[in-house]
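Engineer: Pasting a structure here, questions to come.
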Amino acid sequence: MACEHCTQGYIVPGQPQGKMVNGAYLHPAPQGSITKSRAIVIFTDIFGLPLKNCKLIADALSSRVGCDVWVPDLFEGKPPFTTDELVPILPDTGKPDDRMGLLRKLRLILLGLSRALRLYRARPAVVDARAIAFLKGIRKERMYETVGAVGYCFGGALAIRLGSGNVLDSIVVCHPTHRSLSTIQAINIPTSWVCAESDTSFTKDLRDESERIFAARKDKPEYVDYEFKDYRGTVHGFAARPNIAISGLLEAYQGALQQAGAWFDKTL
């Protein structure tokens, strides 16, 4: 089941400038880029490739970092939710302390039940294998030396799971739909965390415990570079589907992009 904010959000203005390559979106490294040896992969939220926001993020990161940025189709053309269902179930007032009433909870449950088969087809065992195959494929074909991934919501959980699989060199995790501390503890590559002020999936308690896990490795062989950044006045989904009409959310969205770009500049 998706969390209460997973099926809400907004379409960011702009037109993608990249191209489709074998079913994936690619924004190539800008002309004049110093190196072609690194790449970034975007793991989308539950709306997948049809929501153009992920492509615009790819364009921005490619220009910012100066490398190829890919967006694979995690759902093989059938994301669990469509862009037509992007209308918020929750009132998007920009207040992190807003809570969903009984009627909206029922609407969310009914929406999830109506997408049960597609959600089953997007279970970790299936999506992880699909993502790993994609990563291995572009490494071999494009001869990348380092590959990083930034994941949003559903894709954030995927980035966490692959953070210990020897297929990535660095990750950025944005408000993940994830609740397993053991998987977070297994991460063994540099990790940057983009955290919402209010998140019913990646809660404050889970966020704080995750940071303690990374901090406890200091001066130990298993230490990896990490950072946690919190964005006030935001909820789950802001880095992927912000309502830019609300004061402060455009700045938070852009801040998350800058954070990801700076992290990959540092770690790839």
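Please treat every number below as a calculation from the coordinates, not as lab data. This structure is a prediction, so every number in the text was calculated from the model and none was measured. A quick note on method: Cβ atoms are made from the backbone with ideal geometry, for glycine too, and the neighbour counts reach across all protein chains shown.
Engineer: Points 7 angstrom from Cα along the Cβ direction at Gln17 and Asp265: gap in nanometres?
Structural biologist: 1.7
Engineer: How much length, in nm to one decimal, is gained on full extension between Ala116 and Ser33, taken as 0.36 nm per residue of separation minus their Cα-Cα distance? Working shown, then result.
Structural biologist: Numbers: separation 83, 0.36 × 83 = 29.88 nm, distance 4.40 nm.
Once the chain is fully extended between Ala116 and Ser33, it gains 25.5 nm.
Engineer: I've got another one for you. Placing +1 on the Cβ of each Lys and Arg and -1 on the Cβ of each Asp and Glu in the chain, which of Ala39, Gly137, Cys54 has its Cα farthest towards the positive end of the resulting dipole?
Structural biologist: Checking the options against the dipole of the chain, the answer is Gly137.
Engineer: Let me ask you something else. Ranking request for peptides 233-240, 155-162: highest mean number of other beta-carbon atoms within 10 Å first, then the rest in descending order.
Structural biologist: Numbers: 233-240: 27.4, 155-162: 25.5.
Packing order, densest peptide first, comes out as 233-240, 155-162.
Engineer: Another one. When a footprinting reagent is the concern and you count Cβ atoms within 10 Å, what order do Lys266, Lys140 take, fewest first?
Structural biologist: Ordered by Cβ neighbours within 10 Å, fewest first: Lys140, Lys266.
Engineer: Tell me which label goes with the value of Cα extents along the principal axes in Å computed from the coordinates here: (i) 52, 44, 37; (ii) 77, 42, 34; (iii) 81, 55, 34.
Structural biologist: Working out Cα extents along the principal axes in Å from the coordinates points to (i).
Engineer: Same structure, new question: Note down the net charge around Ala122, summing +1 for each Lys or Arg and -1 for each Asp or Glu among other residues with Cβ under 11 Å from its Cβ. Numbers along the way, then the final one.
Structural biologist: Details: positive: Lys78, Arg115, Arg118, Arg121, Arg123, Arg130; negative: Glu76, Asp128.
With Lys, Arg at +1 and Asp, Glu at -1, the neighbours total +4.
Engineer: Which net charge results for the neighbourhood of Ile187, defined as the other residues with beta-carbon distances under 11 angstrom from its beta-carbon, given Lys and Arg at +1 and Asp and Glu at -1? Numbers along the way, then the final one.
Structural biologist: Details: positive: Arg161, Arg217; negative: Glu222.
Here the count lands on +1.
Engineer: Quick query: amide H of Ser164 versus all other amide H atoms, modeled in the peptide plane; which residues come in under 5 Å with a sequence gap of 5 or more or a different chain?
Structural biologist: HN-HN under 5 Å from Ser164: Asn188.
Engineer: Answer with one residue from Ser164, Pro190, Ser247: the one whose Cα lies farthest towards the positive end of the charge dipole of the chain, charges on Cβ with Lys, Arg +1 and Asp, Glu -1.
Structural biologist: It is Ser164.
Engineer: Right, another one. Using the crude model of +1 on Lys and Arg Cβ and -1 on Asp and Glu Cβ, and no other charge, please compute the dipole size for region 135-268 relative to its Cα centre, in debye to 20.
Structural biologist: 360
Engineer: Among 52-58, 117-123, 77-83, 184-190, how do they line up from the highest to the lowest mean number of other beta-carbon atoms within 10 Å? Spell out each step's value before the answer.
Structural biologist: Working: 52-58: 23.4, 117-123: 13.6, 77-83: 17.4, 184-190: 19.0.
Ranked from most to least packed, the peptides come out as 52-58, 184-190, 77-83, 117-123.
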